Amino acid sequence: MNKSFMSDALISPIDNSIRDEAILLRRVHPDLFVQDSSDGKHRLSSSVFQNDKGTLSLSVIIKDRTGLTIDQILSGDYKDYGMASFTAKFARENNQGIMHTPIQEYFGHGDLIGDKGTRKNKTIRYKFIKHCKFERAPIIR
């Protein structure tokens with residue numbers, strides 16, 4: 001089903017089967033690991049937590065439902081990617097719903113549903129950047 005054509009009214013962002021302690025993973029493209037102009041250190045770009053175009057959702061992987069290691073998830077086309085993680089509780093505390101939406105590639109695929117701000121107002125995305133931890137940093141070539 002194409003999410004961009006789903007009515008938000010049809011989406012129930014509450015999946016009670018996903019525990020608050022569940023770890024949600026987000027792949028990070030190397031281009032989204034940017035150098036901070038204030039201190040020269042690398043950090044995540046706010047684009048990492050930007051909704052998919054035309055939707056209120058963002059793809060995540062529900063760690064305990066995938067059955068794969070970080071290295072397995074980040075293999076093949078994703079070998080240079082990094083992996084950020086945060087808890088379902090943190091997402092919910094920031095008005096984000098979570099749905100388990102398995103796809104062929106990952107049974108543990110999910111969607112983080114909710115407003116994540118605009119180009120000018122990135123407050124929620126910055127909260128995610130500050131809170132998340134790296135399971136693996138991207139490989140910058």
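The values are calculated or read from the model by the stated rules, or taken from the named source; none is laboratory data. Since we're looking at a predicted model, the values are computed, not measured. Using ideal geometry, Cβ is built from the backbone for each residue, glycine included, and neighbour counts are taken over all protein chains shown.
The table for this structure:
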item	result
Lone qualifier among 17, 38 - being under 16 Å from residue 130 (Cα atoms), more than 13 Å from the chain's Cα centre (by Cα) and of a type in the set (S, T, N, Q)	38
Search result, residues across the range 112-134 that are in contact with a Leu (Cβ under 7 Å, 6 or more places away or on another chain) and in a strand (DSSP E or B)	112, 113
Given (1) under 28 Å from residue 70 (Cβ atoms); (2) at pLDDT 75 or above, index of the condition residue 37 fails	(1)
Odd one out for residue 54 among (1) of a type outside the set (A, V, I, L, M, F, W, C); (2) modelled with pLDDT of 90 or more; (3) over 14 Å from the mean Cα position of the chain (by Cα)	(2)
Identity of the residue in the range 72-97, without any contact (Cβ under 8 Å) to a residue 12 or more places away in the chain and farther than 27 Å from residue 118 by Cα, that ends up farthest from the chain's Cα centre (by Cα)	76
Every pair of residues 6+ apart whose Cβ atoms lie under 7 Å, when the first sits in the range 98-123 and is under 13 Å from residue 52 (Cα atoms) while the second is polar (S, T, N, Q) and exposed (fewer than 13 other Cβ atoms within 10 Å of the Cβ)	114/95; 117/123
